[in-house]
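Peer 1: The structure under discussion is supplied below as structure tokens; questions concerning it will follow.
What follows is calculated from the coordinates using simple rules that are stated; it is not laboratory data. Predicted model only: the values in this text are computed from it and were never measured.
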Protein chains: 2
Amino acid sequence: MPDATDWSSTPKGEATAARIREVALDQFSRLGFERVTLGGIARAARVSQPALHYHFQDKAQLWRSAMLALAAVIAEEERLMAVARDLPAVSQLRMAMRLFLQISWNHPALGRIVALEGMAGGERLEWLNRRLIGPRNRRLAELARQAIADGDLRPFPPEMLIVTLQTGGVGVINLAPLMREGFGVDPDLPAARAAHEEMILEALLGGFLTERGRARESVR
Amino acid sequence: MPDATDWSSTPKGEATAARIREVALDQFSRLGFERVTLGGIARAARVSQPALHYHFQDKAQLWRSAMLALAAVIAEEERLMAVARDLPAVSQLRMAMRLFLQISWNHPALGRIVALEGMAGGERLEWLNRRLIGPRNRRLAELARQAIADGDLRPFPPEMLIVTLQTGGVGVINLAPLMREGFGVDPDLPAARAAHEEMILEALLGGFLTERGRARESVR
DNA sequence: AGCTTTTCTGATTTTGTAGTCAGAAAGTGA
DNA sequence: TCACTTTCTGACTACAAAATCAGAAAAGCT
């Protein structure tokens, strides 16, 4: 078995491994870990089920391997954030939220998986926190802490603020089945998407701003 | 097998059935449907595992039966809402959100289960929408629509607004494992709970208010 | 007490899925 | 062509959990 975490290895096998990871990420994000079966992944990836065990040790490692695709997304976000380094904390936070919303649209898997595992707890959430979302959340909370110190954000506990902002965004964007079935609304509206993003952002973040923070924003 | 949906029946059996439902609701809300085992429920309820099949047809029906406990919670909410019938829509909405946050604290199962199933879709979500949360959500969306017509809320799609408000609240209150493990924060703070509720409410709903809605609120 | 019904259990079967293994096919280099 | 490695499959095992069933215990009734 080739080392599946060694990205640059084995040209032929890596192609199928990548296809498997892709299918796995899709299914894990839509159904959650337990509802996904290796047989289902194998079928969708057009390989036999033992092929999964050739490329990946077990189901848990396949899950982690699929998640690593999201690390690239987070790294890209961090890269884009760098250009705002010298802006006030509240503006950086706004930009981070804007990026987060765009990521949630483009990579629904991220938000859904974090939410699914975040509800249930357990070792996969621990892994996610350690490897992917933990450092990112701490950076954001630090920004929030700074913005509060600046008097731009209301004195809400920074960690709770970040969780609120993100789960609110994840909810609007990712609770598609709920909305579709509950309201008969189709949330997949690429045309109005950008406008929606702005409204969600303003609505969510706007509630936490102080008057000073609001004024600061209009100046920018 | 007695009809488990007939609430007034069989005094002795109903006691254990109720105990089983209670345990089931707790486990389903913490772990999600698939991670819960009938054996685990049986152990926690101090009965043998076939006893579950005596009182409930199968795992799915036990789940639905446990969920019906939440119908009482929603009915109670509706009853409390009645006193606000003549207030402006935006004030009713604020009250509804306040109740929702309190419910989320007191009955974490509700929010968690809806969120878990809402992400994954499927027949259980369909059932929830049909039997429990659908009618409630439509009522709230109608209130939002009215508040927007009154000029008190910004013209955000009412359904999305409701989803945003609730998932934001659910997130802050229910993503306890995520917060605990990710931030090292213990979110179980009954002392500060009421204050937190107010802040969450102001922050979430505040972002959607127009200037007029803000003014209206300060008059109340 | 004796009979009947309800409530529950121990033992067992069934089912679905993760994981294994021996070996076939496909690709690689001499 | 032939040896060799990588990649993959069909058939299988292992196991956990849902569901069943025959019958025991408890409760209720006369």
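Peer 1: Each residue of region A:72-81 in order: what ³J(HN,Hα) in whole Hz does its phi give by Karplus 6.51 cos²θ - 1.76 cosθ + 1.60, θ = phi - 60°, with x for Gly and Pro?
Peer 2: Result, rounded to whole Hz: 4, 4, 5, 4, 4, 4, 4, 4, 5, 5.
Peer 1: In degrees, nearest 10, range 0 to 90: what is the angle between the Cα axis of helix A:134-149 and the longest Cα principal axis of chain A?
Peer 2: 0
Peer 1: Now a separate question. Output ³J(HN,Hα) for region A:117-129: one whole-Hz value per residue in order, computed from phi by the Karplus curve 6.51 cos²θ - 1.76 cosθ + 1.60 with θ = phi - 60°, and x for Gly and Pro.
Peer 2: Coupling constants for region A:117-129: 6, x, 6, 8, x, x, 6, 5, 5, 4, 4, 4, 4 Hz.
Peer 1: Let me ask something additional. Starting at the first residue of region B:26-37, write each ³J(HN,Hα) from the Karplus equation 6.51 cos²θ - 1.76 cosθ + 1.60 with θ = phi - 60°, in whole Hz, x for Gly and Pro.
Peer 2: These are the phi-based 3J(HN,Hα) values: 4, 5, 4, 6, 7, 10, x, 4, 6, 7, 7, 10 Hz.
Peer 1: Under 5 Å between amide hydrogens, which residues at least 5 positions from residue A:153 or on another chain qualify, with H placed 1.01 Å from N in the peptide plane?
Peer 2: A:148, A:210
Peer 1: Also: Return the whole-Å distance between the Cα centroid of region B:62-123 and the Cα centroid of region A:103-150.
Peer 2: 26
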